[in-house]
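Colleague: Pasting a structure here, questions to come.
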Amino acid sequence: MKLDASISAVVTGGASGLGEATARRLAASGVKVALFDLNSERGQALAHEIGGVFCQVDITSEEQVEAGFARARAAHGQERVLVNCAGTAAAGKLASRDKATGQVRHFPVEQFDRIIQINLVGSFRCMARSAAGMLTLPKLEGGECGVIVNTASVAAEDGQMGQAAYAASKAGVAGMTLPIARDMGGEGIRINAILPGIFNTPLLQRGSVKVLAGLFESVPFPKRAGEPDEFAQLVETLIAVRYFNGACVRLDGGVRMAPR
């Protein structure tokens, strides 16, 4: 799909990190971008900067997602591109013993459910609404109607200790990519997913210098974190190259995460 002013896109989690980089790169290509995010201050500032529209959306809410798409489409028309970057993480072993007190506790099921609801169900919710809207559009050259790019994680394949909830949610994102691509192929809608490794996002930047140095050393090459714009470049490629479909692409410098 050619990226220009005739195309509109929705980017979830678009106010920071991978989503922000994606929104900036798409806007630089002329695409009309709508940002879904909870952070109103950052989202509105970025939307103003790139000439987009901000929609305050909690992707676990049917009502907010519906309202977000309605606002985005009122401003830019029906989107042909959806990029799902919204997500969160939580860490903790399935069950553990407090070394000081000996008390045994398990990972809170409600916290597990929250991660699944945001990362997996939230992504699916946005995909379903976006794909339904794309079906109303005339097909482009080659029969293409739209493109959806999801964000999974290398944790989907080699999750670390304490990452059960996060890894499960991202494995779900990766796992639904091919069947949904098969669902929508006859309608000219392509579905792909990116599995990013260690990326220079606000979440990573909270780590100590020592921890970060160890992480970077674990990457075969280049020995550093990925930059958000490198993620955005891959998004752009997955949109532009029409033979990419049903793919889960690792973007990780060759790293395979250690158990801990």
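The values are calculated or read from the model by the stated rules, or taken from the named source; none is laboratory data. Treat the numbers as computed from the prediction; the structure is a model and nothing was measured. Cβ coordinates were reconstructed from backbone atoms using ideal geometry, including for glycine residues, and neighbour counts include every protein chain displayed.
Colleague: Failed condition for Asp58, given (1) surrounded by fewer than 20 Cβ atoms within 10 Å (Cβ to Cβ); (2) not in a loop (DSSP other than H, G, I, E, B); (3) not polar (S, T, N, Q), with all others met?
Modeller: With (1) surrounded by fewer than 20 Cβ atoms within 10 Å (Cβ to Cβ); (2) not in a loop (DSSP other than H, G, I, E, B); (3) not polar (S, T, N, Q) applied to Asp58, the lone miss is (2).
Colleague: Would you mention how many residues in the stretch 72-117 are out of contact with any Gly (no Cβ under 8 Å at 6 or more places or on another chain), in contact (Cβ under 8 Å) with a residue 40 or more places away in the chain and either assigned to a loop (DSSP other than H, G, I, E, B) or of a type in the set (Ser, Thr, Tyr) (or both)?
Modeller: The number of residues fulfilling the criteria is 4.
Colleague: Also, quick follow-up: Give me the pairs: first residue in the stretch 143-158 and of a type in the set (D, E, K, R), second residue part of a strand (DSSP E or B), beta-carbon distance under 9 Å, and six or more apart or on different chains, which are they?
Modeller: From the stretch 143-158, the pairs are Glu144/Ile189; Glu144/Arg190; Glu157/Leu195; Glu157/Cys248; Glu157/Arg250.
Colleague: Could I ask something else about it? Within the stretch 17-34, is even one residue part of a strand (DSSP E or B), of a type outside the set (Lys, Arg) and crowded, with 19+ Cβ neighbours inside 10 Å?
Modeller: Yes, the stretch 17-34 contains a residue that is part of a strand (DSSP E or B), of a type outside the set (Lys, Arg) and crowded, with 19+ Cβ neighbours inside 10 Å.
Colleague: Sticking with this structure for a sec: Quick one: in the stretch 187-219, of everything that is among the polar types (S, T, N, Q) and under 21 Å from the mean Cα position of the chain (by Cα), which residue is modelled with the lowest pLDDT?
Modeller: Here the residue is Gln205.
Colleague: Would it be correct to say that Asp113 is modelled with pLDDT of 95 or more, more than 17 Å from the chain's Cα centre (by Cα) and not aliphatic (A, V, I, L, M)?
Modeller: yes
Colleague: Of all helices (runs of 4 or more DSSP H) completely enclosed by the stretch 159-260, which ones contain at least 3 residues that are among the aliphatic types (A, V, I, L, M) and touching a residue at least 24 places away in the same chain (Cβ under 8 Å)?
Modeller: The qualifying helices (runs of 4 or more DSSP H) are 164-184, 228-240.
Colleague: Within the stretch 118-139, is there a residue that is farther than 24 Å from Arg24 by Cα and among the aromatic types (Phe, Trp, Tyr)?
Modeller: Checking the stretch 118-139: not a single residue is farther than 24 Å from Arg24 by Cα and among the aromatic types (Phe, Trp, Tyr).
Colleague: Could we say that Pro179 is at pLDDT 95 or above and not aromatic (Phe, Trp, Tyr) here?
Modeller: It is true that Pro179 is at pLDDT 95 or above and not aromatic (Phe, Trp, Tyr).
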